[in-house]
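The values are calculated or read from the model by the stated rules, or taken from the named source; none is laboratory data. These numbers come from a predicted model, not from an experiment. Note that each Cβ is placed from the backbone with ideal geometry, even for glycine, and that neighbours are counted across all protein chains shown. In case anyone asks, the SASA skips ligands and DNA or RNA and just uses the protein heavy atoms, side chains included. Shrake-Rupley method; radii C 1.70, N 1.55, O 1.52, S 1.80 Å.
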6 protein chains.
Amino acid sequence: MRPSGRLDTQLRAVTLETGVSKHAEGSCLARFGDTHVLCTASVEERVPGWMRNSGRGWVTAEYGMLPRSTHTRTNREAARGKQTGRTQEIQRLIGRSLRAVVNLEALGEIQVRIDCDVIQADGGTRTAAITGGYVALALAIRTMQGRGVIKANPLTGQVAAISCGLVDGAAVLDLDYAEDSTAQADANFVMTDSGGIVEIQGTAETEPFAEERFLVLLGLARDGITELCRLQRAALEG
Amino acid sequence: MRPSGRLDTQLRAVTLETGVSKHAEGSCLARFGDTHVLCTASVEERVPGWMRNSGRGWVTAEYGMLPRSTHTRTNREAARGKQTGRTQEIQRLIGRSLRAVVNLEALGEIQVRIDCDVIQADGGTRTAAITGGYVALALAIRTMQGRGVIKANPLTGQVAAISCGLVDGAAVLDLDYAEDSTAQADANFVMTDSGGIVEIQGTAETEPFAEERFLVLLGLARDGITELCRLQRAALEG
Amino acid sequence: MRPSGRLDTQLRAVTLETGVSKHAEGSCLARFGDTHVLCTASVEERVPGWMRNSGRGWVTAEYGMLPRSTHTRTNREAARGKQTGRTQEIQRLIGRSLRAVVNLEALGEIQVRIDCDVIQADGGTRTAAITGGYVALALAIRTMQGRGVIKANPLTGQVAAISCGLVDGAAVLDLDYAEDSTAQADANFVMTDSGGIVEIQGTAETEPFAEERFLVLLGLARDGITELCRLQRAALEG
Amino acid sequence: MRPSGRLDTQLRAVTLETGVSKHAEGSCLARFGDTHVLCTASVEERVPGWMRNSGRGWVTAEYGMLPRSTHTRTNREAARGKQTGRTQEIQRLIGRSLRAVVNLEALGEIQVRIDCDVIQADGGTRTAAITGGYVALALAIRTMQGRGVIKANPLTGQVAAISCGLVDGAAVLDLDYAEDSTAQADANFVMTDSGGIVEIQGTAETEPFAEERFLVLLGLARDGITELCRLQRAALEG
Amino acid sequence: MRPSGRLDTQLRAVTLETGVSKHAEGSCLARFGDTHVLCTASVEERVPGWMRNSGRGWVTAEYGMLPRSTHTRTNREAARGKQTGRTQEIQRLIGRSLRAVVNLEALGEIQVRIDCDVIQADGGTRTAAITGGYVALALAIRTMQGRGVIKANPLTGQVAAISCGLVDGAAVLDLDYAEDSTAQADANFVMTDSGGIVEIQGTAETEPFAEERFLVLLGLARDGITELCRLQRAALEG
Amino acid sequence: MRPSGRLDTQLRAVTLETGVSKHAEGSCLARFGDTHVLCTASVEERVPGWMRNSGRGWVTAEYGMLPRSTHTRTNREAARGKQTGRTQEIQRLIGRSLRAVVNLEALGEIQVRIDCDVIQADGGTRTAAITGGYVALALAIRTMQGRGVIKANPLTGQVAAISCGLVDGAAVLDLDYAEDSTAQADANFVMTDSGGIVEIQGTAETEPFAEERFLVLLGLARDGITELCRLQRAALEG
């Protein structure tokens, strides 16, 4: 039995609330149970210096946690004067994941910045950030199309992410903090709506694990992501 | 006529929503119109090194803005590697303001950190932060009293804050962004529920202003703060 | 009786010595009793990037304390690798104060940097910096007019600053360190020679104070600033 | 045909040269073709503060590239004043990978730091660092056993790493720079000598890839790591 | 003829004014012509962590230039967030030079920090800093002896410094800025009152120079330092 | 008798191995006994901003030590977030020394960066860096001439460096770490093949030393540098 009472194959209650920012071109508050990540997409009609005159656009992401989003307070990165390695790793992952479904030539010389800020954390913040970040990005593109700044839709598909892990010997989907902190292994999967793999990150937490176990996690993730993509479409159509 | 249609003496719609964080000992989402500031109070049962064995506690504050809380995106301070002078000024102000109503001896060797994070900005973020920060602090003290960690209530009063300014020649209460960006003068007032002055910061934005005008602003503030203190009590009793 | 034997309404011995730097376009060593602040004005015939081609100039300030200007040695900010929040707050205040009496259009695309370095501190360094900074600025403008770089005088008035406070229950003018460290309340006033308010910053140090007390401080400040403006004129004419 | 003329299943020429540092407790220069990484293991008979009195040891890693290890010169991280996100990601990976085969209780309160410095880069520096880092670690443990500081061998197995990728449609083992820069997908595998998975990181570079393709890469990696583990044993026995 | 009209063997007008700081345990304003360096000595009755319980004391130095001490304004190091290589080089030199005449065992577990701040620069700031820093140090030791904190005098001699250089083919003593910026070679000499060499730093500015030329500079320096040591004694006796 | 058994006038075994980097335009691994410094020269066909359109080129150097190049591990500067004062001092010295034999006009608007990374340290790393850095520079110039980017040879001579010191009362050449850590005085000499002095840095380590002793060190250095220049020529002709 999982601490939350969920089935091994069951996601937490997931909601993707759009239009949560008065200012951003696109926004989505992604809630995976008690994990709440606010995702905003900000459009700039210019690209970084190294891309000027390339005719291509760029999508990048930044990630942060509010100091008391965590069980005990975490030091504020702005006050410490630098981002941790973990933060940088996560924001690089979000950026790569979103770019995997964007045709940068079709985007044109435009930069979209996705800010993913964790308001409350209970495990799985990076997967909520990618899943909600996609929704914010899609809304921002819609806004830009409405303004005539973008002609063709540069999105080539949907992208979502979920974690799986081995907890007390069982392979389970969408770990919450209680599970995450005792898992034998932990893997994050980023996939498209058509089942393409964008990114896989699997880590043994307590000891190395066998190949067959990994394949079970991969199967769980596939089903979870199918469901998340369905929720994304509902949010965008809502 | 003000851009929002408010009377010169009228606050924006203010709500102080408590219990918005699963983890924090006290929390309050302060909304002053479209300005939304999430305030959490985190308790540590130890004080900074320079206060050890003094028998006294400490209350401090940190302030931040989400990058897209603003009209156009602001760079993330954690990514830039330092807090701006404005951020430091504001968080020092919040800390001083809250300490003004805390008996640090009665608090005992406990530190309370108030994090004020601007989710959405539309002018007056520092006054919302102080007003909501007080509620988060009071709730955290209540939590600590419930746990028997604090015996007597260390709060000596309530504290709240509001801005006033000269806009198009008129003295108005609680400036929003549209007013703030065109004001001739701008002042922030921090006061207690009994009318004591904690902090006054008045600045000429376009040209020096006369003493009598300043006194009008002070009068507006007094009434606004009376109303905010009433809302604080309602939130804490609710 | 004040520690220095001064009357409640009495400034310390104030001298504004000009021409103290061989290199600067304008300079003034402001002495308020044992507080000595060296103010230099440096002119650059270009403005920051965000102002290019605006036809307007800029005046900005930086503030620092020599490590042993204080009673016990303070760590050197350059060695620590960052300026404290207090330093940033003060230098922003000095810059705003001086810009309040400059017509930036009349200045033209020129930047004047005012460096205020505390050689010896005994309370009131920021007010000495503003008062002396104005003299350095006025001298630099005179130098630039002499060189034909500036045509019309961009100064619209004089600006000076003084602190007042409640010490042992009495409202007193121009606090020295002994008073500052025991004051119940402390306020800094920045005003023009015609009595216009540029900036007011009042802070309760030990407990909130009443509005009437604040008005007494304001009255003291008005008289003190009248005297400081007279000394500025004497220094500039000398 | 691969640019290097290798078979798809063929490693580059790999050498693991030991004893290359006069000072380090263990050292190994890992060469994977033209990629050369110097790995040193430094032993400290104390652990970081947060582990004191836990009875457990720690293994950590740092990674760096000499500025001209790369095709065109890369800026020196020490001069820039911070490590890139990529560097932090890699050194965190190396540390986790090595700890996966160390019994930290058996190690006792000792810290081993593995420094992996890229002398020359031609793709696959992180996998060479893990493979060579294991050898340096094993040698340092042997040194400590020789000195009687460690009683029982804390190593629970061997760990090595290799990259695989999809290049021009083919699944190939051990990508060099020419392949890495044109790959459709790229994955790094960290495994033990008994086939346990320690870490998997797979990334789509140009477009999402199918699950079956990923399984082919996994198979290639398994064989490559078997060979690397054989070379590690030879180096340690040599 | 030198720009200043001095003889090749002639120092600038040198004054060493003591007692210039109300707060410091020892202070000296060293003026070498238009180069003015304020030197303060601050005593702490504890040593850095790595020296605790060694029974020995420490003398260290910091150096800084006020932004407008120079012909054109130099950026403030505190604002830039780091000290330049030049600053670090100079403060390390000052520290080493002063420690050369202090018996650290006799000093006891006391640290003296010498702050050398350039108020106005016209060449030779490091030599003025060493020469004046010695006077501040000697005064601080005298103060500590007066308080009974130090028993025996830990000074083993006097130390002073001077620059020499090859300018327009001539070997000259004590270069000012006009000479320094056109010199073919430039050397700084730090010596004791008994003629012992503490530090020599000679640099070819435009092209390598011959050994015999260097020996001429060494001779000039010897005489200059004899005179500076005489001025130090006069200042300390004055 | 020296610890290494060398004569007082004897260099360590010195080898200057060229072509050690696959990527750099010029490279040299300089070994002075157990001190090994990898020197690479990287050419950029543009100069720093402040030199644009001057028609002149630039040569600069950076220096670093691998963390475990030293007897006990040294913290990695990239991880600490800044270079030490010692590092900056050394890299400034290397850059000045190499520029002393380059005609920057003849070089044209090209920048050469010399990276000197200490692989293993046993005293005298800066002198090995200068001596090997010259070889890397000369090779890079040869490469650029081969590519037709440089027409005339901008080198005006050779430059090499060596340390001398007073150890146990004797003047000895080329100190190793054992000698360096017990020396009474230590001096580094940088000279050209024609005997011109480029830089002299002499420091008393334990107590001031006499002028005659310094002249003995200078004589030792002259002979050592003659030998190093011969080895440079052999390496470049080899």
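Quick check: at a probe of 1.4 Å, how many percent of the accessible area of chain A sits on carbon and sulfur atoms?
In chain A, the share of accessible area belonging to carbon and sulfur is 47 percent.
With the solvent-accessible surface defined on protein heavy atoms using a 1.4 Å probe, which residues belonging to the stretch A:78-108 display a reduction of at least 20 Å² in accessible area in the multichain context relative to the isolated chain?
Output list: A:ALA78, A:ALA79, A:GLY81, A:LYS82, A:GLN83, A:GLY85, A:ARG86, A:GLN88, A:GLU89, A:ARG92, A:ARG96, A:ALA100.
List the distances, in nm and shortest first, from the label point of B:ALA178 to the matching label points in every other copy, placing each point 7 Å from Cα along the Cα-to-Cβ direction.
Shortest to longest, the spacings are 4.9, 5.6, 6.5, 6.5, 8.3 nm.
Net charge near D:GLU25, counting Lys/Arg +1 and Asp/Glu -1 over other residues with Cβ under 13 Å of its Cβ?
Charge balance near D:GLU25 sits at +3.
Mind listing, in residue-number order, the residues in the stretch A:53-69 that have at least 30 Å² less accessible area with every protein chain present than in their own chain alone (1.4 Å probe)?
The answer is A:GLU62, A:LEU66, A:ARG68 - residues whose exposure falls by at least 30 Å² when every protein chain is included.
Quick one: with label points 7 Å out along Cα→Cβ, list the inter-copy distances for A:GLU17 in nm, shortest first?
Sorted ascending, the copy-to-copy spacings read 0.6, 6.2, 6.5, 6.5, 6.7 nm.
Using the alpha-carbon centroid of each, what span in Å lies between the stretch D:78-98 and the stretch C:178-216?
51
Rounded to the nearest 10 degrees, what's the angle between the helix A:85-99 long axis and the longest principal axis of chain A, both from Cα atoms, 0 to 90?
60
Which whole-number value in Å² is the accessible area per residue of the protein assembly as shown, probe 1.4 Å?
37
Per DSSP helix of 4 or more residues, -39500 (n - 2.57); summed, then divided by the residues of the protein assembly as shown. What does that give at 222 nm, rounded to the nearest 500?
Helices in the protein assembly as shown give a 222 nm mean residue ellipticity of -10000 deg cm²/dmol.
Ordered shortest first, which distances in nm separate the 7 Å Cα→C-beta label point of A:ARG233 from those of the other copies?
Nearest to farthest, the other copies are at 5.3, 5.6, 8.1, 8.1, 9.7 nm.
Any chance you could give the angle, 0 to 90 degrees and rounded to 10, that helix C:125-146 forms with the longest Cα principal axis of chain C?
The answer is roughly 20 degrees.
For the stretch D:1-128, with the dipole built from +1 on Lys and Arg beta-carbon atoms and -1 on Asp and Glu ones, taken about the Cα centre, which of D:GLY108, D:VAL43, D:MET1 lies farthest toward the positive end?
D:MET1
Count charges around B:ASN53 for me, please; just the other residues with Cβ under 12 Å from its Cβ, Lys/Arg as +1, Asp/Glu as -1.
My count for the surroundings of B:ASN53 gives +2.
Suppose we keep just the alpha-carbon trace of the stretch E:14-237; what are its Rg and Dmax in angstrom?
Rg and Dmax of the stretch E:14-237, Cα atoms, are 17.5, 54 Å.
Within a 10 angstrom radius of each residue's Cβ in D:184-196, how many Cβ atoms of other chains show up on average? Whole number is fine.
For peptide D:184-196, the averaged partner shielding equals 2.
Using a 10 Å cut-off on Cβ to Cβ distances, tally the other chain neighbours for every residue of D:152-159 and report the average as a whole number.
For peptide D:152-159, the averaged partner shielding equals 1.
For the protein assembly as shown, take N as its residue count and report Rg(C-alpha) divided by 2.2 N^0.38 Å.
0.99
Would you mind checking which residues have amide H under 5 Å from F:VAL102's amide H? H placed 1.01 Å from N; only 5 or more apart, or other chain.
Answer set, sorted by chain and number: F:THR156.
Please compute how much accessible surface disappears when A pairs with D, both sides summed, using a 1.4 Å probe, and round it to the nearest 100 Å².
Buried surface at the A/D interface: approximately 2300 Å².
Which of the peptides B:46-56, A:190-200 is most tightly packed, and how do the rest follow, going by the mean number of other Cβ atoms within 10 Å of each residue?
A:190-200, B:46-56
Peptides E:30-42, C:156-168: what's the order by average Cβ count within 10 Å, highest mean first?
E:30-42, C:156-168
Other chains' Cβ within 10 Å of B:20-27 residues: what's the mean?
5
Taking every DSSP beta bridge that has both residues in the stretch E:14-237, what percent is antiparallel when rounded to the nearest 5?
Antiparallel bridges: around 85 percent, rounded to the nearest 5.
Measure nothing fancy, just the Cα-based angle from helix A:211-237's long axis to the longest principal axis of chain A, in degrees from 0 to 90, nearest 10.
Computed tilt is about 40 degrees.
Sorted by mean Cβ packing within 10 Å, highest first, what order do the peptides B:209-215, E:181-187, A:138-144, A:128-134 take?
Those peptides, ordered most packed to least, come out A:128-134, A:138-144, E:181-187, B:209-215.
Net charge around C:ILE197, counting only other residues with Cβ within less than 14 Å of its Cβ (Lys, Arg = +1; Asp, Glu = -1)?
Charge balance near C:ILE197 sits at -4.
Could you quickly flag the chain C residue whose beta carbon comes closest to the rotation axis taking C to D, and that distance in whole angstrom?
Its Cβ sits closest to the axis: C:GLY81, 5.
Under 23 Å Cα to Cα from C:LYS82, which lysines show up? Leave out anything in the same chain fewer than 8 places away.
Here the lysines satisfying the reach criterion relative to C:LYS82 are A:LYS82, B:LYS82, D:LYS82, E:LYS82, F:LYS82.
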